[in-house]
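*Asks:* Can you keep this structure in mind? I'll have questions shortly.
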């Protein structure tokens, strides 16, 4: 079966919970409208449709809109070599999803990263510790409302006690530049 056929089979199983498959540049995406059912949908995708490999879980911050976040699951079937993207929305009020670690053990690290950097919790996760930032760090650095200059900390000897200046930093973009090569993050040299 092709990925679009597998996506239609998944949609047939869950009906109105999934939107119609969207195919763009050969990639198939389904949107799950009931985020609370994500583990059930993923289990069916693995056990029945052969999506036995979880490539990634990522998140998108739709700051200023509701629902605030979109969580993206990238599924792959080693047997049929099919790729499927499953997305679901998470509101800022809830900011929580069921874990899929019982479906794919590798979800453990992916979910920890999404929590650590975006603040979305995964209910039932076996090890919900932060994975990159230190325990007790009160912010989520990949949120769009996190300032680019960073935030000050009251913790002594932890990273910086004042925001690090980004102006003229090694990988700072130049907004509004005419050519894309001038907008790309790159090391800048200044003439003296």
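The values are calculated or read from the model by the stated rules, or taken from the named source; none is laboratory data. Nothing here was measured: the structure is a model prediction, and the numbers come from that model. Cβ coordinates were reconstructed from backbone atoms using ideal geometry, including for glycine residues, and neighbour counts include every protein chain displayed.
*Asks:* Could you go through the range 128-137 and let me know if any residue there is touching a strand residue (DSSP E or B) at 6+ places or on another chain (Cβ under 6 Å) and either in the same structural domain as residue 22 (by TED's automatic domain parsing) or modelled with pLDDT of 90 or more (or both).
*Replies:* Keep residues of the range 128-137 that are touching a strand residue (DSSP E or B) at 6+ places or on another chain (Cβ under 6 Å), which gives none.
No, the range 128-137 contains no residue that is touching a strand residue (DSSP E or B) at 6+ places or on another chain (Cβ under 6 Å) and either in the same structural domain as residue 22 (by TED's automatic domain parsing) or modelled with pLDDT of 90 or more (or both).
*Asks:* Test residue 125 against the stated conditions and say whether it is free of Cβ contacts under 8 Å to residues at least 60 places away in the same chain, crowded, with 16+ Cβ neighbours inside 10 Å and out of contact with any strand residue (DSSP E or B) (no Cβ under 7 Å at 6 or more places or on another chain). Step through it out loud before you land on a result.
*Replies:* Working: free of Cβ contacts under 8 Å to residues at least 60 places away in the same chain: yes; crowded, with 16+ Cβ neighbours inside 10 Å: yes; out of contact with any strand residue (DSSP E or B) (no Cβ under 7 Å at 6 or more places or on another chain): yes.
It is true that residue 125 is free of Cβ contacts under 8 Å to residues at least 60 places away in the same chain, crowded, with 16+ Cβ neighbours inside 10 Å and out of contact with any strand residue (DSSP E or B) (no Cβ under 7 Å at 6 or more places or on another chain).
*Asks:* Ok, one more. Scan the strands (runs of 3 or more DSSP E) fully inside the range 1-79 and keep the ones with 1 or more residues being surrounded by fewer than 16 Cβ atoms within 10 Å (Cβ to Cβ) and touching a helix residue (DSSP H, G or I) at 6+ places or on another chain (Cβ under 9 Å). First the steps, then the outcome.
*Replies:* Working: elements: 22-24, 27-32, 53-61, 69-77.
Of the strands (runs of 3 or more DSSP E) lying wholly inside the range 1-79, those with at least 1 residues that are surrounded by fewer than 16 Cβ atoms within 10 Å (Cβ to Cβ) and touching a helix residue (DSSP H, G or I) at 6+ places or on another chain (Cβ under 9 Å) span 22-24, 27-32, 53-61.
*Asks:* Given the condition without any contact (Cβ under 8 Å) to a residue 40 or more places away in the chain and touching a strand residue (DSSP E or B) at 6+ places or on another chain (Cβ under 6 Å), answer yes or no: does some residue in the range 24-34 qualify?
*Replies:* Scanning the range 24-34, I find no residue that is without any contact (Cβ under 8 Å) to a residue 40 or more places away in the chain and touching a strand residue (DSSP E or B) at 6+ places or on another chain (Cβ under 6 Å), so the answer is no.
*Asks:* While we're on this one: Given the residues 191, 107, 93, 178, which is the only one that is at pLDDT 85 or above and loosely packed, with under 10 Cβ neighbours inside 10 Å? Talk me through it step by step, then tell me what you get.
*Replies:* Details: 191 fails: at pLDDT 85 or above; 107 fails: loosely packed, with under 10 Cβ neighbours inside 10 Å; 178 fails: at pLDDT 85 or above.
Answer to the selection: 93.
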